[in-house]
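The values are calculated or read from the model by the stated rules, or taken from the named source; none is laboratory data. These numbers come from a predicted model, not from an experiment. Using ideal geometry, Cβ is built from the backbone for each residue, glycine included, and neighbour counts are taken over all protein chains shown.
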Amino acid sequence: MRQGAFATTHWSVVLQAGGGESAQAAAALDELCRTYWYPLYAYVRRRGYGPEDAQDLIQEFFARFLARNYLAGVDQRRGRFRSYLLGALNHFLADDWDRKHRLKRGAQTCPIPFDTGNGEANYRLEPVDERSPDWIFERGWALALLDLVLRRLQREYEDGGKQRLFDRLSVFLTGEGERYRQVAEALGMTEGAARVAVHRLRQRYGELFRQAVADTVEDPEEIPDEMRYLLRVLSS
């Protein structure tokens, strides 16, 4: 991987724009919010809000977050979008006016159409133990990031006309892979070629994982620590 490949990240672009009218920053923030809204929804639900209230709150939070100049005063040293977004939500929830005088359902339109109904279905699949809202958020964030990575990887294989190869090899990413010989026979290649193909798939997955993490931090030097942290959350 070339030196300096992560000199600029999505989050650093947003921070540098300070919430202004930069089209590049707006697009970067839009993508970040689309990817990571569900962990916030699960966090609000675990805080004790019912499904409808949680849906209202998340829609209104993002409507205000994206419409207002929330980022103008952000400390440039607050490098992780994950931490900033949760802090902004907690500030929103702590505001008495927001809690007591929420707009009528659907009155404020969020510029990003989140499927909060699907969010509730996903929330019902969360662990039944009494984990804290913060743990639910962190785990949801890590899972959302890995889902993004997998979708990007699949898209690359699709664009290269290798969808069938991806379908057969992707199970190796979860440690549930078939025997290499079986895969090789199914794909009409040698076992050695199958092993090389799996190695390349895993290597590219790792690169995309690093890129996805890079998009959520302000300083590229934070990438290794954030990667280790997310993997630790998933294993806890």
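Look at Thr174 and say whether it is within 22 Å of Pro39 (Cβ to Cβ), among the β-branched types (Val, Ile, Thr) and either without any contact (Cβ under 8 Å) to a residue 24 or more places away in the chain or touching a strand residue (DSSP E or B) at 6+ places or on another chain (Cβ under 7 Å) (or both). It is true that Thr174 is within 22 Å of Pro39 (Cβ to Cβ), among the β-branched types (Val, Ile, Thr) and either without any contact (Cβ under 8 Å) to a residue 24 or more places away in the chain or touching a strand residue (DSSP E or B) at 6+ places or on another chain (Cβ under 7 Å) (or both). Note on segment 147-176: residues that are hydroxyl-bearing (Ser, Thr, Tyr) and modelled with pLDDT under 95 amount to 2. Given the structure, is Asp159 surrounded by 14 or more Cβ atoms within 10 Å (Cβ to Cβ), under 25 Å from the mean Cα position of the chain (by Cα) and of a type outside the set (Lys, Arg)? So Asp159 does not fit the description; no.
Cβ-Cβ distances below 8 Å connect the following pairs, each with a first residue in segment 42-54 that is more than 11 Å from Gly140 (Cβ to Cβ) and in a helix (DSSP H, G or I), a second residue that is of a type in the set (Lys, Arg) and modelled with pLDDT of 90 or more, and a separation of six or more residues or different chains: Pro51/Arg45; Ala54/Arg45.
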